[in-house]
Amino acid sequence: MKRAAIISCNDNYDYDTRTKYVSEYLEKNGYKVDFVIADFDHRNKMPYIVERNDNIIYIHVGEYDKNLSIRRIKSHIEFARGVEKYLLKQQYEVVYHCAPPNYTIKVLSKLKKKKKFKLITEIGDMWPETMPVPVQIKQVLFIPLRFWSNLRDKYLDNSDIIVAECNLFNKQLRKKTGIQHRIKTIYFCKKANYVEMDIKDFNMEDRIELCYLGSINNIIDCDIIGTFINELSNRKETIVHIIGDGEKKRNLIDSIESNGGKVQFYGKVFDEEEKKKIFSKCQYALNIMKTDVNVGMTMKSLDYFAFGIPIINNISGDIEKMVETQKIGFNINAKNIKFVVDAIEKSNLNDYMNIRNNVKLVHEKYFSIEKFNQQMKEIL
């Protein structure tokens, strides 16, 4: 039987990660799949040893508390060296690597020459470009940050295929590496679980309900959310349902409430049907980040699309273009908030149901499991 390894330092099945679908596809096509992952949960900052049905090889790494720290870098280097030590003793036909960390790209690039496996490298984050710090700090740290990104750009050429999370990353990688035809955009996927809105329940005349899903950290733009809620709440009752948690939770809640909105806070919810119940109350979902964050697509938008919820978006790149061309919600910025609220207020039932239908079509076209499997077949 053919063997494949999925290498993911930050793998965590509490989230609907890409690696689930990569594994399922490979297994259906005759591969025995092993997961090679760190024994530390990057998101929750705690040891990660769980019961799963997968074949798991844990790489022991040091723990850390802060994402921007020497201890984190050391932990990632330990992971890369542990991966190298393990793979030297194994024989795989295919290695699928989820990056970052960038140091593992270098290790696998050199190891590929010895072990002769086919290497697929997925770039799920342009690190350190997406580091959530002011531009001035990035300018001061230019040399170490450049060294960090070079670990990716210099060694990607040894990958047989590079999978970009979005077209924005695809374009940036082509420019930085000079690689062209081997970089493929494959969006994250998720099974459809559409909220079916009963027409008789539609009512945005007196009240509008929004949702926010995901980590509440320092890349969320609480200011523009507050400005948007202020304009909206001046016209009708506004309720925001928050699913998630993070160090900026209080900032987000205060921003909504101080601008006239009401908050329903649920904390972390992983059960899909529970999330669906909450989403069933909402007309739109907030897909908002600070404008200097280098992203073209978000995991929260994938969730929104899988449930069929239109979005209020301020993220550029792929998602901005989809909102504009596919009519799946509204793009907002500091200058057009009143215009967007006017458009929401003027929407009748037919207008709104067309938007919801567009969301379903976009999910089927770009983010369905069927689309993902089709693209995996092409690259393999």
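Hey, could you check region 337-348 for residues that are open to solvent by less than 60 Å² (accessible area, probe 1.4 Å) and assigned to a helix (DSSP H, G or I) and say which is farthest from residue 229 (Cα to Cα)?
In the first step, residues of region 337-348 are kept if they are open to solvent by less than 60 Å² (accessible area, probe 1.4 Å); the result is 337, 340-344, 347.
Imposing the further condition that a residue be assigned to a helix (DSSP H, G or I) reduces the set to 337, 340-344.
Values: 337: 10, 340: 12, 341: 9, 342: 13, 343: 15, 344: 13 Å.
Out of the qualifying residues, it is 343.
Looking at region 226-327, what strands (runs of 3 or more DSSP E) fall wholly within it and have at least 3 residues that are of a type in the set (A, V, I, L, M, F, W, C)? Working first, answer last.
Working: elements: 237-243, 262-267, 284-287, 311-313.
Result: 237-243.
Here is a list of conditions, (1) open to solvent by 60 Å² or more (accessible area, probe 1.4 Å); (2) farther than 28 Å from residue 194 by Cβ; (3) over 21 Å from the mean Cα position of the chain (by Cα), and residue 277 meets all of them except one; can you say which number that is?
All conditions are met except number (2).
Looking at region 1-57, which of the residues that are in a helix (DSSP H, G or I) and without any contact (Cβ under 8 Å) to a residue 12 or more places away in the chain is most open to solvent (accessible area, probe 1.4 Å)? Spell out the reasoning first.
Going through region 1-57, the residues in a helix (DSSP H, G or I) turn out to be 18-28.
Now narrow it down to the ones that are without any contact (Cβ under 8 Å) to a residue 12 or more places away in the chain: 20, 24, 27-28.
On the way: 20: 53, 24: 88, 27: 99, 28: 161 Å².
By that ranking, first place goes to 28.
Just to be sure I understand the filter: pairs with C-beta atoms under 8 Å, separated by 6 or more residues or on different chains, first member in region 156-176 and of a type in the set (Val, Ile, Thr), second member open to solvent by 70 Å² or more (accessible area, probe 1.4 Å). Which pairs pass?
Close Cβ pairs satisfying both conditions: 161/182; 161/184; 162/182; 162/184; 163/184.
The values are calculated or read from the model by the stated rules, or taken from the named source; none is laboratory data. Bear in mind the structure is a predicted one, so any value in this text is a computation, not a measurement. In this analysis, Cβ positions are derived from the backbone assuming ideal geometry, glycine residues included, and neighbour counts consider all displayed protein chains. Areas reflect the complete protein model, heavy atoms only, side chains present, ligands, DNA and RNA absent. Shrake-Rupley method; radii C 1.70, N 1.55, O 1.52, S 1.80 Å.
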